[in-house]
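Here's the structure we're looking at; comments come further down.
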Amino acid sequence: MTNVVKQVYNNSITAELDIQIFIEVKKMTKVPYEVYTEEVETLSVLSPDGEIVNKDLLPKLTDDQLKEIMYRMVFTRTWDDRAVNLGRQGRLGFYAPVSGQEATMVGSEFALEKEDFVCPGYRDMPQIVWHGLPLYQAFLYSRGHQHGGEIPEGVNVLMPQIIIGAQILHAMGIAMAYKLKKQKQVVITYTGDGGSSEGDFYEGLNYAGVYKLPVIFFVQNNGYAITTPFSKQTAALSIAHKAIAAGIKGVKIDGMDVLAVIKAVQDAAERGRNGEGATLIEAVTYRFRPHSLSDDATKYRSKEEEGQWSEKDPIARFAKYLEKKGLWTEEDTARVRDEAKAKVNEQIKKAEQTAKMTVPGLIDSMFEQTPKHLEEQKADFQ
């Protein structure tokens, strides 16, 4: 033991010694084991030019299903364009942009059954809307209105969690209920690469591994946790590697390839329904817009990087594939954009015309039978 380190034990540390101590301890630290270095292959079905590169992974989909997937992706981007403008106009509250992540969002939900459950993070509004939540309620949620969280009967979703990672724990409870009831349903929960550094993420993986729960952990790795690049978040080779410690299946896919996303989720759902346990899916993707409307991505992302990822645009890639099959045209894209704009305008108007919240109404919505002390508080406002 060096003199510098001895002083730590003698409680005689001074400010000048802090850096020296760090250096000495760093020198003494040796990794007593072999670091896991085996790479995980990133699975793709389509090339950026829309060519099939892996026939074995091509999901079985009808022509009508392929066109529906494209419809939803174009609709989602158009909705995102409009929502960004609505946010800047003050007609929405917090809104998290999604352009660039349509393949992960639309594809993952499309691969599920309506009886399956979706536990989203705050950016995952498209998944719960396509799973059945009315669009105007999604707008109400963004506006902070309580009715935005009033899930219609038969729609198996929770509202997006603002607390990063909390949705993962909720998914564990639902998945355990499915297992105990012996129901053939699965739960999917979403987070970003930053969310995979949260304690809730590791607790969820461990719990799902121990009890072999029918849950899919879907991580949309867009390379940044707000401004922090992925390389500074973890020393793991990938997020998919983290499945190893939990004893569950881990896969890494091209998140800009909607067919790869669908195939991965279909396989994960089948494993869950068959009692084979959980799956961790890392989808490598890229969000074209900033983290939020108040974020300036130019401070941490280069134009060159953005240009490289724009060439992998999930909508353009899938459109090329469908065009070669004679299933889609530019006119179809224009038609869907017009439909989406009209729908968004109609739904935001409906949200804005919804009666404003009141304190008594908020109190009544919290309990089936309002407690006496809250009735007293309610009376004060009335």
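The values are calculated or read from the model by the stated rules, or taken from the named source; none is laboratory data. On a predicted model such as this, the values are computed, not experimentally measured, just so you know. Here the Cβ is made from the backbone with ideal geometry for all residues, glycine too, and neighbour counts use every protein chain on show. For accessibility, only protein heavy atoms count, side chains too; no ligands or nucleic acids. Shrake-Rupley method; radii C 1.70, N 1.55, O 1.52, S 1.80 Å.
Among the DSSP beta bridges whose two residues both lie in the chain, what percent are antiparallel, rounded to the nearest 5? Counting DSSP beta bridges with both partners in the chain, the antiparallel share is about 10 percent. The charge dipole of the stretch 61-208, taken about its Cα centre with unit charges on the Cβ atoms of Lys, Arg (+1), Asp and Glu (-1) only, comes to about 260 debye. For the stretch 270-347, trypsin sites (Lys or Arg not before Pro) meeting the loop criterion (DSSP other than H, G, I, E, B) and having at most 12 other Cβ atoms within 10 Å: Lys325. For the stretch 157-190 versus the stretch 105-135, the inter-centroid distance based on Cα atoms is 13 Å. With both labels modelled 7 Å from their Cα along Cα-to-Cβ, the Lys114 to Arg88 distance reads 3.7 nm. Stretched out straight at 0.36 nm per residue, the stretch from Val359 to Lys60 would grow longer than its current Cα-Cα span by 102.5 nm.
Counting charges near Pro48 (Lys, Arg +1; Asp, Glu -1) among other residues having Cβ under 10 Å from its Cβ returns a value of -3.
Hey, if you put +1 on the Cβ of every Lys and Arg and -1 on every Asp and Glu Cβ in the chain, which of Leu46, Ala379, Leu158 ends up farthest toward the positive end of that dipole? Going by the charge dipole, the pick is Ala379. Summing charges over neighbours of Leu327, with a neighbour being any other residue whose Cβ is under 15 Å away from its Cβ, gives 0 when K and R count +1 and D and E count -1. Accessible area per residue for the chain, computed on protein heavy atoms with a 1.4 Å probe, is 51 Å².
Of interest is the spacing of the C-alpha centroids, which for the stretch 63-100 and the stretch 288-338 amounts to 12 Å.
Distance between the 7 Å Cα→Cβ label points at Gln382 and Asn274: 5.7 nm. Computed over the chain, the alpha-carbon pair-distance distribution with 20 angstrom bins reads 25, 52, 19, 4, each value a whole percent.
Shown here for the stretch 337-382: GluC sites (Glu not before Pro) in loop regions (DSSP other than H, G, I, E, B) with at most 15 other Cβ atoms within 10 Å, namely Glu368.
Rounded to the nearest 20, the Cβ-based charge dipole of the chain about its Cα centre (Lys and Arg +1, Asp and Glu -1) stands at 240 debye.
Normalising the average separation of contacting C-alpha pairs (under 8 angstrom, six or more residues apart) by the number of residues puts the relative contact order of the chain at 21 percent. In the chain, helical runs assigned H by DSSP with n ≥ 4 each contribute -39500 (n - 2.57); averaged across all residues and rounded to the nearest 500, the mean residue ellipticity at 222 nm is -14000 deg cm²/dmol. Surface composition of the chain: carbon and sulfur make up 51 percent of the accessible area, probe 1.4 Å. Residues of the chain were split at every exposed loop site, defined as chymotrypsin sites (Phe, Trp or Tyr not before Pro) in a DSSP loop with at most 13 other C-beta atoms within 10 angstrom, and the longest piece left, sites excluded, is 37-366.
In units of 2.2 N^0.38 Å, what is the alpha-carbon radius of gyration of the stretch 41-84?
In units of the globular-protein estimate, the stretch 41-84 measures up at 1.46.
Ranking of Met125, Met366, Met73 by solvent-accessible surface, largest first: Met366, Met125, Met73 (1.4 Å probe, protein heavy atoms only, all chains present).
Averaging 1/r across all pairs of distinct Cα atoms in the stretch 83-138 and inverting the result yields a Kirkwood radius of 12.2 Å.
Heavy atoms only, 1.4 Å probe, whole protein assembly: order Leu280, Leu169 by accessible area, highest first. Could you put the intermediate results ahead of the total?
Numbers: Leu280 0, Leu169 70 Å².
The ranking, largest first, comes out as Leu169, Leu280.
Checking the Cα-Cα distances for Lys179/Lys212; Lys114/Lys320; Lys67/Lys349; Lys212/Lys249; Lys263/Lys343; Lys181/Lys212 against a 18 Å cut-off, the pairs over it are Lys114/Lys320; Lys67/Lys349; Lys263/Lys343. Across the stretch 139-158, the residues whose backbone nitrogen lies under 11 Å from the label position 7 Å along the beta-carbon direction of Ala177 are 156-158. Local charge for Ile164 was computed over the other residues whose Cβ lies under 13 Å away, with Lys and Arg +1 and Asp and Glu -1, and equals -3.
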